[in-house]
1. Name the residue that is nearest to the ligand (Cβ to nearest atom), counting only residues in the stretch 102-124 that are at positive phi and part of a helix (DSSP H, G or I).
2. Counting residues that are within 16 Å of the ligand (Cβ to nearest atom), which strands (runs of 3 or more DSSP E) fully inside the stretch 373-472 reach at least 3?
3. Taking Leu333 as the residue in question, decide whether it is out of contact with any helix residue (DSSP H, G or I) (no Cβ under 7 Å at 6 or more places or on another chain), in contact (Cβ under 8 Å) with a residue 12 or more places away in the chain and more than 16 Å from the ligand (Cβ to nearest atom).
4. So how many residues does the stretch 198-252 have that are in a loop (DSSP other than H, G, I, E, B), of a type outside the set (A, V, I, L, M, F, W, C) and closer than 21 Å to Pro424 by Cβ?
5. Of the residues Thr167, Thr127, which single one is among the polar types (S, T, N, Q) and not in a loop (DSSP other than H, G, I, E, B)?
6. Can you name every residue in the stretch 163-216 that is polar (S, T, N, Q), within 20 Å of Leu446 (Cβ to Cβ) and touching a Lys or Arg at 6+ places or on another chain (Cβ under 6 Å)?
7. Hey, can you tell me all the residues within the stretch 289-329 that are in contact with a Gly (Cβ under 8 Å, 6 or more places away or on another chain) and either not small (Gly, Ala, Ser) or not in a helix (DSSP H, G or I) (or both)?
8. Which condition number in (1) within 15 Å of the ligand (Cβ to nearest atom); (2) under 15 Å from the mean Cα position of the chain (by Cα); (3) more than 14 Å from Thr422 (Cβ to Cβ); (4) in a loop (DSSP other than H, G, I, E, B) is the one that Leu191 fails?
Amino acid sequence: MDFKSIKEIKTHLLKRKISIFELNEFFIDKIKKSKINAFIFFDEDLIRKRCKELDSIKNDLPLKGIPIGVKDLFCTKGIKTTAGSKILQNFVPTYESFVTNKLNNSGSVMIGKTNLDEFAMGSSTTTSYYGNTINPIATDKNLVPGGSSGGSAAAVSANLCLGATGTDTGGSIRQPASFCGVVGIKPTYGLCSRWGIIAFASSLDQAGIFSNNVEDASILLKEIAGYDKNDSTSSDITIPNYFKKINENIEGKVIGIPKEYDLPNIPDEIKIVWEKARKKLEKGGAKIINISLKHTKYALPTYYIIAPAEASSNLARYDGVRYGYRSKSQNNLEEMYESTRSEGFGNEVKRRILIGTYVLSAGYYDAYYIKAQKVRKLISNDFNDAFKECDAILTPTTPSPAFQIGQKEDDPIKMYLNDIFTVPASLAGIPGISIPFGKSKDNLPLGIQILSKHFNEQVLFDLGLFLEKNNE
Ligand code: GLN
């Protein structure tokens, strides 16, 4: 029995070929033996307790017994939630996030909380206070799993769970999915409630899914999506049954290839795979057209103004007063704030707070923050125009395969360049999926990204399934 597909495992569970206990013991054992540091929190007794509880429920549930990893950015009631930061090392939420609550109601088993870059800021999972995660694809090569949801991507890739949640603010689901050779979907902004997700940049943060295959992603997304009155940006739409509707017949679909993504310094191995995917889609009956997304080159600088600005505001609450870490050195209130924040936050988080505070400060607000908001609108308009001509857009997910741990640590700009293909969609709030497609010259996984207009996740699954089945 292969423990990789939720769709298959569900039928095995229903036919009683395997029990919920046996299934989860398999994963407990694998996690205990694994050496990639994918989890910040893991409690086998809690898992067994949950299995018992599920076993006593007579009726079927959509994810009954399915082990799911949860990025440690989602608040879990009674279970430590750290955001990968020292400042939240002892934080135990008194409530459950919307997404994990939905997963629990669907009968899934929360197998553990996965590692991430501190406060989801990063592309490598090396900024976590709890140590870095190792990409399981080639452990001898010491590669990053990507980030910020690197623990989730690595856990699914190493078969330590059947699916995992992630969050994607500028690429944190799609980029690690690409590096670890798994499927990762960032849905439309507003499809999944942000309630109970520790905030990074609220106008961009969006929950999503990692899985071993496209069909599983379509099953899982339905379970975490939905309207929530506690999130004012949550959309009140009917969530389609993506899995039931999935259709790999792509005949007549129009796919746009944006010329601005064809950058001169992108390695050939990336361009070759992009070209290959294009050809496959064409052979499958899709029509390929060239499109232009004129403002693409401004996306990265725009993102690195807006995201830190929002982060600096969101992170102001960590002051050592009500919860989280509090510094021992505290002669007066101001000193307590200062030392708590300087001891509690890591360097990358501090850098973002500094940039964010700067671009929001009185003298620079118009020149940076307001300007960035205007450019964001232009980027969004580019996509709206493009979707008048095509059903979906095809691009590489990342400008390189997974890189070595420590490789880009000394130069934040190099790290930020990882997001070059993922941030435009984040700024526009449109959905994107990364599908493992092709290999690098060193035989590392690469991802191909498909984007579509708001709330058209279905076309991502349809095209994704086609590419998954036509990837050799
Ligand atoms: N790598 C990007 C950043 O550091 C994206 C992070 C994310 O999507 N959470 O901001």
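1. Here is the first cut: in the stretch 102-124, the residues at positive phi are 107, 112, 119-120, 122.
Imposing the further condition that a residue be part of a helix (DSSP H, G or I) reduces the set to 119-120.
Details: Phe119: 8, Ala120: 4 Å.
Checked the stretch 102-124; the qualifying residue nearest to the ligand (Cβ to nearest atom) is Ala120.
2. On the way: elements: 392-396, 432-439, 445-451.
Qualifying strands (runs of 3 or more DSSP E): 432-439, 445-451.
3. Against the criterion (out of contact with any helix residue (DSSP H, G or I) (no Cβ under 7 Å at 6 or more places or on another chain), in contact (Cβ under 8 Å) with a residue 12 or more places away in the chain and more than 16 Å from the ligand (Cβ to nearest atom)), Leu333 does not qualify.
4. Here is the first cut: in the stretch 198-252, the residues in a loop (DSSP other than H, G, I, E, B) are 198-205, 212-213, 225-241, 246-252.
Checking the rest, the ones that are also of a type outside the set (A, V, I, L, M, F, W, C) come to 202-203, 205, 212-213, 226-236, 238, 240-241, 247-249, 251-252.
Applying the additional criterion that residues be closer than 21 Å to Pro424 by Cβ yields 202-203, 205, 233, 235.
Within the stretch 198-252, residues that are in a loop (DSSP other than H, G, I, E, B), of a type outside the set (A, V, I, L, M, F, W, C) and closer than 21 Å to Pro424 by Cβ number 5.
5. On the way: Thr127 fails: not in a loop (DSSP other than H, G, I, E, B).
Unique residue meeting the criteria: Thr167.
6. So the first thing to find is which residues in the stretch 163-216 are polar (S, T, N, Q), and the list is 165, 167, 169, 172, 175, 178, 188, 193, 202-203, 206, 211-213.
From the residues that got through so far, the ones that are within 20 Å of Leu446 (Cβ to Cβ) too are 172, 175, 178, 211-213.
If the condition is that a residue be polar (S, T, N, Q), within 20 Å of Leu446 (Cβ to Cβ) and touching a Lys or Arg at 6+ places or on another chain (Cβ under 6 Å), then Asn212 is the only one that fits.
7. Keep residues of the stretch 289-329 that are in contact with a Gly (Cβ under 8 Å, 6 or more places away or on another chain), which gives 289-291, 303, 307-313, 318, 320, 324-327.
Within the stretch 289-329, Ile289, Asn290, Ile291, Tyr303, Pro308, Glu310, Tyr318, Gly320, Gly324, Tyr325, Arg326, Ser327 meet the criteria.
8. So Leu191 meets the others, but not (1).
Where a number appears in this text, it was derived from the coordinates with a stated rule and is not lab data. A quick note: this is a predicted structure, and the numbers were derived from the prediction, not measured. When we count neighbours, we look across all protein chains shown, and the Cβ atoms used for this are built from the backbone with ideal geometry, even at glycine.
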